[in-house]
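Here the structure comes first, spelled out in structure tokens, and everything after it is commentary.
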Amino acid sequence: MESRPLRYFVAVAEELNFARAAERLGISSPPLSRAVRQLENELGAVLFERNTHRVELTPAGEVLLVEARFALAALEAAGRRARRAAAPEPKLVLAVKADGDAGLLEGMLARYAADPAALPVTVRLCAWHEQPLLLRRGEADVALVHEPYDRTGLDTEDLAAESRVAALAVGHPLAGRTALRLADLGLRPDEVHAYIDEVRGRGHDLAQLLALVGLGEVVALLPASVADRYPRPGVVYRPVLDAPPAMLAVAWPQQSRSTATAALVRAAVSVAEDAREREAG
């Protein structure tokens, strides 16, 4: 299956109008209609229900839309990776949230540099949720990510588990407690990840989020290491005893066959293992 018919199909599926899709693609409607018909014949499935008033996706069309978007994105990502690999001085891009490395980044890069397969590394600092997208788009090779995150198209290896703390304004009714439970925050264990996603959406980065906490607008659930790294006037941190741990993982594209990428992942796993042994000892 060629990519052009898929691009045509996605345009029609998103516009649900052949004329608008043709305008978006910069072609006329008749060749677009023929291309979609040809794709349906090739697949042996009707993708659109058409009448004089509207165009709607069939169940087969809905399935193909999801898969086509993923396939087209993977093709674009492959092109980006190939162009970066062909650069005169190829580099690996490591995507990480600022101060979202659980203290592993420096050791990870040092150990990687000693590997014969190592390439120079560019560290790309990211906003919430940005790392998985950069991996899928071919703009990064490896990422350090905290749950929750979208695993689509990625391989991952857990590195570290941290307990969670609640960040509260000093004037919050719960700020006087020495420790909390999820029920104090009105949460069940199965709601934690959705809650974290919702709160992350309030701020572009941790500094903004803590500013909102200090104003009393949100209560944030954060990895315990944040309490030591980010003391803030007006913000207190309290352990949440029954919260699921904050898992830090190293992630990379499933289709990657890069020995340099594999070496960076090995370095991350090795440094994390050493850190756990030191804590246990």
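Every read-out reported here was derived from the displayed coordinates using simple, explicitly stated rules and does not represent laboratory data. Predicted, not measured: the structure shown is a model, and the values here were computed from it. Using ideal geometry, Cβ is built from the backbone for each residue, glycine included, and neighbour counts are taken over all protein chains shown.
With the charge dipole of the stretch 193-263 set up from +1 on Lys and Arg Cβ and -1 on Asp and Glu Cβ about the Cα centre, the Cα lying farthest toward the positive end among the listed residues Tyr237, Ala194, Ala227 is that of Ala227. Between Ala74, Leu39, Ala22, the Cα set farthest toward the positive side of the dipole of the stretch 3-84 (charges on each charged residue's Cβ, about the Cα centre) is that of Ala74.
The trypsin sites (Lys or Arg not before Pro) found in the stretch 49-131 that occupy coil by DSSP, while having at most 13 further C-beta atoms within 10 Å, are Arg54.
Working note: Cα atoms of the chain, range along each principal axis, descending, whole Å: 68, 52, 27. The coefficient of translational diffusion for the stretch 3-84, derived via Stokes-Einstein from the alpha carbon Kirkwood radius under 4 °C and 1.567 mPa s, stands at 98 µm²/s. Here the Gaussian network model covers the chain, with springs between Cα atoms less than 10 Å apart; of Leu174, Leu206, Leu43, Leu43 fluctuates the most.
For the chain, the Cβ-based charge dipole about the Cα centre amounts to some 680 debye (Lys, Arg positive; Asp, Glu negative; other atoms uncharged). Neighbours of Tyr112 by Cβ distance under 15 Å: Lys/Arg scored +1, Asp/Glu scored -1, total -4.
Just want to confirm a number: the relative contact order over the chain, from Cα pairs under 8 angstrom separated by 6+ residues, in percent.
That works out to 21 percent.
Each of the peptides 6-16, 226-236 was scored by the mean count of other Cβ atoms within 10 Å over its residues; in descending order, highest first, they stand as 6-16, 226-236. Only Lys, Arg, Asp and Glu carry charge here, each on its Cβ (+1 for the first two, -1 for the last two); on that basis the stretch 83-188 has a dipole of about 300 debye about its Cα centre. A full extension of the chain between Asp150 and Ser3 corresponds to an added length of 50.4 nm, given 0.36 nm per residue minus the alpha carbon distance. Note on the stretch 65-202: dipole from Cβ charges, positive end direction compared against Pro120, Leu144, Leu159; the farthest Cα belongs to Pro120. Taking the DSSP beta bridges with both ends in the chain, the antiparallel portion is around 70 percent. Placing +1 on each Lys and Arg Cβ and -1 on each Asp and Glu Cβ, with no other charges, gives the stretch 164-239 a dipole about its Cα centre of roughly 240 debye. Between Ala211 and Thr52, the simple spin-label model (points 7 angstrom out along Cα→Cβ) gives 5.7 nm. Using C-alpha pairs below 8 Å separated by at least 6 residues, the relative contact order for the stretch 3-84 is 29 percent.
Hydrophobic, long helices, defined as DSSP H runs whose alpha-carbon span along the helix axis is 20 Å or greater and whose mean Kyte-Doolittle value is at least -0.5, occur in the chain at 59-85, 259-280. Largest GNM mean-square fluctuation among Thr52, Thr122, Thr152, using the chain with Cα springs under 10 Å: Thr52.
Computing FRET efficiency as 1/(1 + (r/R0)^6) for Ala86 and Glu62, where r is the C-beta to C-beta distance and R0 is 45 Å, gives about 0.75.
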